[in-house]
């Protein structure tokens with residue numbers, strides 16, 4: 001049985017086309033995220049760990065459009 005998680009790919013655009021981290025941080029906060037950890041994952045996503053609407057979340061965003069690609073909610 002394979003328990004590995006599929007790799008999330010958010011963009012294939014070069015990093016020169018990405019929204020700057022400080023701007024993405026503000027965008028995520030404006031969407032209601034309270035950020036504990038902000039990082040680049042899989043060399044293609046902005047990944048956020050924190051809270052949204054009082055719930056613990058892990059969220060992946062396209063760094064060129066700020067579109068939410070995937071979100072995991074703690075149970």
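The numbers here are math on the coordinates, done by the rules we state, and not lab data. Remember, it's a predicted structure, so these values are computed and weren't measured experimentally. Note that each Cβ is placed from the backbone with ideal geometry, even for glycine, and that neighbours are counted across all protein chains shown.
When the P(r) of the chain is calculated, the portion above 15 Å amounts to 51% of the C-alpha pairs. Only Cα pairs under 8 Å and 6+ residues apart enter the sum, and on that basis the relative contact order of region 4-72 stands at 32 percent. Counting every other Cβ atom within 10 Å of each residue's Cβ, 47, 16 order from fewest to most as 16, 47. Our helix-only sum for the chain, with -39,500 (n - 2.57) per DSSP H run of n ≥ 4 divided by its residues, gives a mean residue ellipticity at 222 nm of -4000 deg cm²/dmol.
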